Structure formats: C-alpha cells, structure tokens
1. So what is log10(I(q)/I(0)) for segment 1-69 at q = 0.16, 0.17, 0.18 1/Å, when the Debye sum runs over its Cα atoms only?
2. What FRET efficiency would be calculated for the residue pair residue 104, residue 59, taking the C-beta separation as r and a Förster radius of 30 Å, to the nearest 0.05?
3. How many Å² of accessible area per residue for the chain, probe 1.4 Å?
4. Of the candidates 67, 35, 127, which one comes out as most mobile in a Gaussian network treatment of the chain with C-alpha springs shorter than 10 Å?
5. To the nearest 0.05, how large is the calculated FRET efficiency for residue 124 and residue 20 if R₀ is 41 Å and r is the Cβ-Cβ distance?
6. Take the alpha carbon gyration tensor of the chain, find the square roots of its eigenvalues, order them as a ≥ b ≥ c, and report rounded if a/c is under 1.5; if not, report prolate when a/b exceeds b/c, else oblate.
7. Length gain on complete extension for the stretch residue 143 to residue 48, per 0.36 nm per residue less the alpha carbon to alpha carbon distance?
8. Across segment 2-8, in residue order, what do the Karplus-derived ³J(HN,Hα) couplings come to in whole Hz, using 6.51 cos²θ - 1.76 cosθ + 1.60 with θ = phi - 60° and x for Gly and Pro?
Amino acid sequence: MGSVEKKIATIMRERGYKLTPQRLAVLNVVVDSEDHLTPAAIYDKVRHKHGAVGLVTIYRTLNMLDDLGLICQVHGHGDNRSYLIRRPLEHHHHLVCSECGKVVDFTGCNLCELERRLSEETGFEIDSHILEFAGHCRNCRNKAVKQDVQMLHAVPE
C-alpha cells in the first residue's frame, strides 16, 4: 500500500469506516489513475485486477470517499460523473476539456462576496459550492487548428 492509500486508510479508520478488501481495491484503482474515471471504468479496472466486486460496492465506496472529502467528483455532460483522487487537498475547482476530458485543478476562487449576497437575497444558507469550467484544452485546440490547416490545403483551387 502506497503512502496516499495509507493516509486515506488512516482517515477512514479515524472516521469509523472499515478498510475492506473491496474498498481497498476501489481506492487502489482511483489512486493509481492520473485521469478521472467513471464508476463503470472503476468497476472494470477493479474486476480486472481484484476479481468480483459489485457495482453497488463501487458506488457506495465512491460516495463514502466523496463524503470524507478524499476524492473529487467531476461533473461531465448530463448526469455523467467521474472521480479522481483529491489533488490539491484544499478547496479547489476544475477546468474540464469537453473534447478529451482532461481535468485541471485550480484554487483561489474568491466567491465569498457572491455567497454572502446570494444568502442575503434568498435567505438560503450556503454550505458549499461547486465550480467547473468546460472548454477545450491547449492540446485539443492545437489539434483542431492543425486539422483546419490540413483541410485548407486539401481544398482544390
């Protein structure tokens, strides 16, 4: 077990959760991934590496890790959600490439004034917020430009 898994296991135990072999398998897959993974992708990887683990166990483990603040949910198109290990550990948000799915973390969003104003105007007590920007990463933009240039050269005069 790597240092990240050990830290997460310690946090789980401190909060009263058992580190079952199934939870450890899910945790290992999420920690080992550089990319965000859908529950279905996690399920496939866990089954491939560790044998039979139910999809319900995958969802329950992801929900538990999310509730503990140990993983991030990335909200894709529609109801698609994917998960990745929380990095950085402090409060942060995501830039998500609509083309390739790359996720870039950013910190330093100062939404305190907006939260205060919305709370005053609506009477709503705000506990947290989620902010994601969708667009196209540099690599996908460069690919699109190259394709456009290639298409221009392919057009007969």
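1. -0.49, -0.55, -0.62
2. That gives a FRET efficiency of 0.70.
3. Normalised by residue count, the accessible surface of the chain is 69 Å².
4. Fluctuation is largest for 127.
5. It comes out at approximately 0.60.
6. Values: a/c = 2.50, a/b = 1.27, b/c = 1.97.
Oblate is the answer for the chain, as a/c is 1.5 or above yet b/c matches or exceeds a/b.
7. Full-extension gain reported as 30.9 nm.
8. Per residue, the Karplus-derived 3J(HN,Hα) values read x, 5, 5, 4, 5, 4, 5 Hz.
The values are calculated or read from the model by the stated rules, or taken from the named source; none is laboratory data. The structure displayed is predicted, hence computed values, not measured ones. We place every Cβ from the backbone using ideal geometry, glycine too, and count neighbours over all the protein chains shown. All accessible areas refer to the heavy atoms of the entire protein, side chains included, with ligands and DNA or RNA removed. Shrake-Rupley method; radii C 1.70, N 1.55, O 1.52, S 1.80 Å.
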